[in-house]
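What follows is a short report on a single structure.
The values are calculated or read from the model by the stated rules, or taken from the named source; none is laboratory data. Keep in mind it's a predicted model, so treat the numbers as computed, not measured. Cβ: placed from backbone, ideal geometry, glycine included. Neighbour counts: every protein chain shown. SASA here: full protein model, heavy atoms, side chains in, ligands and nucleic acids out. Shrake-Rupley method; radii C 1.70, N 1.55, O 1.52, S 1.80 Å.
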Amino acid sequence: MFGYARPEPVRTVGRVLGLGLLLLVSAPVIPASAAESRGAVTQDGWWNRLQGPVEGEPEGNPIRSLAPAVPKPPTVPADAIAAGVTAGQVDKVAAVGLDLTLADGATLETLTLRLKESPAGGANVAADKAKVIACPATMPWGPGQNAAWQDRPAADCGLGAAEGARAEDGTWTFDLSAIGRLWADPFAPLAANGVVLSIDPASVPAGAQVSWVNFEAGGIALDLAATPGTPGPSAEPGPAAPAPVVTAAQAPAATGFSDSVAGTPALPAGVAGLSPDPFAYAAGQPASGFATPPTADLSQPGTVPEPPAEVTLAAPAASPGPALQARPAVDFWERLPAPTALLVPVTVGLAVLIGVALGPGGRPAPVLRREGGLSRALARRSGDAA
């Protein structure tokens, strides 16, 4: 007799591991929660008008290559950025790079930039009279200290501008909420290249300079407040809409009606009104029936029962009820997380690889099993009988 031997232990372990791996990758993956709303300072810098080519200087000026770099002004500390005005002309501008991220569906409420004046002597001149304006940068830029004027980031104050408010302790506050909404616009966002800080020359014609402790020294901070997004429609079925209430008008009690098809009374016994079943009569459609005449005395000679007269009963108008709206069908693929959908081809590939790795060696191998004494005796008896 032939039988099937149990698979070898190595094959069994391989199958168990393969099945476990298949179940692991096929398990639904819970999507990660949306990122929280946050804002951060990424870089800073300042540019000097006296550094590099001046306005109107022709390209390829041979003298420019021979001119040494202008040393850093002693009034700007090494750990500060500065904006300044000299003789009614802006000679220094600063910039702060910002990173803004809003959670899914969140709305930006407030975005505030805070800078701290440098306490170094001579770093600030007429700072309490200076009007500092923050405008959005319209191009990417890199950090720099006493950098060339031609490399300063361009800004567009027509898109948005925030005037700084200076406190007595030298803290400057800029309300960037309007500019932040331009950066966070989901339809036509403005590139978040940070803001450029400059002094309005009209506010201090004689000249001024404001130096702020830079980002590396901890003098710049950004505060963000956002309203979380409203949750989407729940996939759980909501309560069933109430059925429309159909109010039936009262029918005369003296006349009964019978169903012309089934022959059963259309009104409950002892009730002088229409059936409360909303499907008994369609709204606005006539219903047919037969009026039952008064019972005639058939014992009198010559009395012939009259056939029932057919009458038409107008169904009462249904009172207006709540409108029923069909719920949209939920698509399976819309509810399926994207990571789970991506794991489908991976699962199929792993199943194929496991099958190829096991191959024919993973199948049970037929073996010859030795017959016992009882089997041999039965075989001999069958041979003798034959």
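Miscellaneous remarks
- Residues of the stretch 168-187 classified as farther than 17 Å from Ser37 by Cβ and open to solvent by less than 40 Å² (accessible area, probe 1.4 Å), total: 4
- For the residues Ala40, Ala83, the requirement of being part of a strand (DSSP E or B), modelled with pLDDT of 55 or more and crowded, with 18+ Cβ neighbours inside 10 Å singles out Ala83.
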